[in-house]
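The values are calculated or read from the model by the stated rules, or taken from the named source; none is laboratory data. What you see is a predicted model; the values in this text were computed from it and never measured. Virtual Cβ from ideal backbone geometry, glycine too; neighbours counted across all protein chains shown.
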């Protein structure tokens, strides 16, 4: 048991003006130091520069002035591939932790996205567990919300990593021991937290414009094919509780997944009618009925129209090549 254990939070942000202030409010008293890494982590030419353009930087400056002893700001690293950029950003954060004198065996690295929130009880459970555990890596159970604060899917994300001698990250966000093996390759060192009171993840409660930006980044990173744009038009924008099964079947035809997502597990939306973290009591989206129907003022980096165009051309041209191959095999 290590009563002197420190928790270092890492909060990567890129165009998160709607969430960052609330995210900091949620965890600032829980962490000993909070490193906020700002910027896009893919090639800088994807979005004509890698800095936020939606007001995030001004909010970040205000937060640094409010919590000068706790918040440390760094710029996200970029990479030719987003996953490599993420890896470099985490290693940059580790270098700062060493410089600040917090890189000590048994301290913890706590990864938090700006749209992830915890109840006070959940944070207490986390601290109580990691003080006495022999695990080095924890997945956190979470609810990922869509459209409003009522519909969600269940998931898990790796969020807590023990600081061990030689710790470094490999793409995208995998902590590794000094010998290069990922923490997760040692099952006896991996645990799960918050099954009874999951983390709240509001990743799909954003303007349609911001959702498009999200999937553009994933498309450009190579994580998903151009079908993600079809998913946005045909699935995300058309789901309703009454048409749920119909939409899931349609999604299966598009993505081969019978559920709401364009990748991963076949998960259906569930309904949630309980409370949310106190930090969000005055959030403008707290009582919104459907984020898709809100008329947002344009802010942030512009759409990458050429990405959408090329992806849709790819969707159109690919069947033609398949047909050409069919004819060639049939008649030649």
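Determine, yes or no, whether residue 121 is closer than 29 Å to residue 285 by Cβ and out of contact with any helix residue (DSSP H, G or I) (no Cβ under 9 Å at 6 or more places or on another chain).
yes
State whether one or more residues within segment 316-332 are at pLDDT 95 or above and exposed (fewer than 13 other Cβ atoms within 10 Å of the Cβ).
No, segment 316-332 contains no residue that is at pLDDT 95 or above and exposed (fewer than 13 other Cβ atoms within 10 Å of the Cβ).
Which ones in segment 70-94 are in contact with a strand residue (DSSP E or B) (Cβ under 9 Å, 6 or more places away or on another chain) and surrounded by fewer than 19 Cβ atoms within 10 Å (Cβ to Cβ)?
70, 73, 74, 75, 88, 91, 92
May I ask you to verify whether residue 245 is out of contact with any helix residue (DSSP H, G or I) (no Cβ under 6 Å at 6 or more places or on another chain) and part of a helix (DSSP H, G or I)?
So residue 245 passes the test.
Condition first: part of a loop (DSSP other than H, G, I, E, B), over 23 Å from residue 202 (Cβ atoms), at pLDDT 95 or above and in contact with a strand residue (DSSP E or B) (Cβ under 7 Å, 6 or more places away or on another chain). Can you find one or more residues in segment 110-129 that meet it?
No; the residues of segment 110-129 include none that is part of a loop (DSSP other than H, G, I, E, B), over 23 Å from residue 202 (Cβ atoms), at pLDDT 95 or above and in contact with a strand residue (DSSP E or B) (Cβ under 7 Å, 6 or more places away or on another chain).
Can you name the number of the only condition in (1) outside any loop (DSSP other than H, G, I, E, B); (2) surrounded by 15 or more Cβ atoms within 10 Å (Cβ to Cβ) that residue 58 fails?
(2)
Could you say which residue among 191, 166, 180 is part of a strand (DSSP E or B) and over 16 Å from residue 7 (Cα atoms)?
191
Of everything in segment 217-246, what is over 19 Å from the mean Cα position of the chain (by Cα), crowded, with 20+ Cβ neighbours inside 10 Å and without any contact (Cβ under 8 Å) to a residue 40 or more places away in the chain? Give them in sequence order.
235
Just the residues that are buried (at least 20 other Cβ atoms within 10 Å of the Cβ), touching a strand residue (DSSP E or B) at 6+ places or on another chain (Cβ under 9 Å) and over 25 Å from residue 160 (Cα atoms), please, taken from segment 30-55.
50, 52
Looking only at segment 140-158, filter to residues that are in contact with a helix residue (DSSP H, G or I) (Cβ under 9 Å, 6 or more places away or on another chain) and outside any loop (DSSP other than H, G, I, E, B); which one of those is nearest to residue 273 (Cα to Cα)?
Looking at residues that are in contact with a helix residue (DSSP H, G or I) (Cβ under 9 Å, 6 or more places away or on another chain) and outside any loop (DSSP other than H, G, I, E, B), I get 146.
To keep it simple, each residue is scored yes or no on (1) in contact with a helix residue (DSSP H, G or I) (Cβ under 9 Å, 6 or more places away or on another chain); (2) at pLDDT below 95; (3) more than 30 Å from residue 128 (Cα to Cα).
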| position | (1), (2), (3) |
| --- | --- |
| 62 | yes, no, yes |
| 65 | no, no, yes |
| 71 | yes, no, no |
| 80 | no, yes, yes |
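Would you please name the residue that is farthest from the chain's Cα centre (by Cα), looking only at residues in segment 61-79 that are in a loop (DSSP other than H, G, I, E, B) and either closer than 20 Å to residue 90 by Cα or touching a residue at least 60 places away in the same chain (Cβ under 8 Å) (or both)?
Going through the qualifying residues, I end up with 70.
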